[in-house]
Amino acid sequence: MRVSREQAAENRGKILQAAAQLFREKGFDGIGIADLMKKVGLTHGGFYGHFTSKEDLMVQTCAYAVDEILEQGQTARTSVRGSKYKAFIARYLSTEHRDNPGSGCLMAALGADAARQSPVIKQAFTQGFNRLLNALMSVLPATKTEAAKREQALLTLATLVGAQVIARAVDDPKLSEEILRVVNKNLH
């Protein structure tokens, strides 16, 4: 049975959404195509109508996950009074973000995993990082030069990702919260 273009687009969106969540929760190699397609209620064979390979899905999922986090950030910024930069940092270093990697930042969830992937995946990851970096630069104070903004954004993003990775990795809840709190305090 043939599906309409609208249904095909909806199915593709479901696959990307589920893959973005599952890859961030379980890693690129932690979920197979059959399990992914079962989760979205589609056939394994139907996957190839949307993607040429799992690697193609991984590349497209990187872009999707960054779109998602940028959209969340844009929505959050509209309700922020005061420094959008400080609000970004506080949201990123929240325990909610720590406890929900499946809906959080691609960089913190898959950074180490991406380093072990193919050049195509690394390229997609780099593009995503640059998009996040530019978004962060846009919320820095206008008084800084572009070079100073870039440097501050690089320092901030690397620190945030590292803090979130470590806060998720340690088995001591107090230490995890301390990491998030200290980094938040010192980045402002």
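The values are calculated or read from the model by the stated rules, or taken from the named source; none is laboratory data. Just so you know, these numbers come straight off a predicted model, no measurement behind them. For neighbour counting, all protein chains shown are included, and Cβ atoms are generated from backbone atoms with ideal geometry for every residue, glycine included. Heads up: the accessible areas ignore ligands, DNA and RNA and are worked out on the full protein's heavy atoms, side chains in. Shrake-Rupley method; radii C 1.70, N 1.55, O 1.52, S 1.80 Å.
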> Can we say Phe125 is at pLDDT 90 or above, open to solvent by less than 30 Å² (accessible area, probe 1.4 Å) and outside any helix (DSSP H, G or I)?
Replying inline: no
>> Name the residue that is most open to solvent (accessible area, probe 1.4 Å), counting only residues in the stretch 168-180 that are touching a residue at least 60 places away in the same chain (Cβ under 8 Å) and charged (D, E, K, R).
In response: Glu177
> Just checking, which of Ala142, Ala158, Ala147, Ala135 is farther than 17 Å from Glu96 by Cα, at pLDDT below 95 and within 16 Å of the chain's Cα centre (by Cα)?
Replying inline: Ala135
>> Here are the criteria: (1) out of contact with any Leu (no Cβ under 9 Å at 6 or more places or on another chain); (2) assigned to a helix (DSSP H, G or I). Tell me which single one Thr52 does not satisfy.
In response: (2)
> With respect to Ala20, is the statement that it is over 21 Å from the mean Cα position of the chain (by Cα) and of a type outside the set (Lys, Arg) true?
Replying inline: no
>> Just to verify a result, which residue in the stretch 135-145, among those that are in contact with a helix residue (DSSP H, G or I) (Cβ under 8 Å, 6 or more places away or on another chain) and either part of a helix (DSSP H, G or I) or of a type outside the set (A, V, I, L, M, F, W, C) (or both), is least open to solvent (accessible area, probe 1.4 Å)?
In response: Leu136
> Within the stretch 118-172, can you find the residues that are among the small types (Gly, Ala, Ser) and closer than 16 Å to Leu70 by Cα?
Replying inline: Ala124, Gly128, Ala135, Ser138, Ala153
> Where residues in the stretch 25-64 are touching a Gly at 6+ places or on another chain (Cβ under 7 Å) and in contact (Cβ under 8 Å) with a residue 60 or more places away in the chain, which of them is surrounded by the most Cβ atoms within 10 Å (Cβ to Cβ)?
Replying inline: Cys62
>> From the list Val80, Val165, exactly one residue is at pLDDT 95 or above and either open to solvent by 20 Å² or more (accessible area, probe 1.4 Å) or not in a helix (DSSP H, G or I) (or both). Which is it?
In response: Val165
>> When you check Thr75 against the structure, is it under 23 Å from Ala20 (Cβ atoms) and over 12 Å from the mean Cα position of the chain (by Cα), yes or no?
In response: yes
>> I'd like the full set of residues that are in a helix (DSSP H, G or I), farther than 16 Å from Phe129 by Cα and open to solvent by less than 30 Å² (accessible area, probe 1.4 Å), limited to the stretch 90-118.
In response: His97, Gly102
>> Which numbered condition in (1) within 30 Å of Arg150 (Cβ to Cβ); (2) without any contact (Cβ under 8 Å) to a residue 60 or more places away in the chain; (3) under 20 Å from the mean Cα position of the chain (by Cα) is the only one that Gly82 fails?
In response: (3)
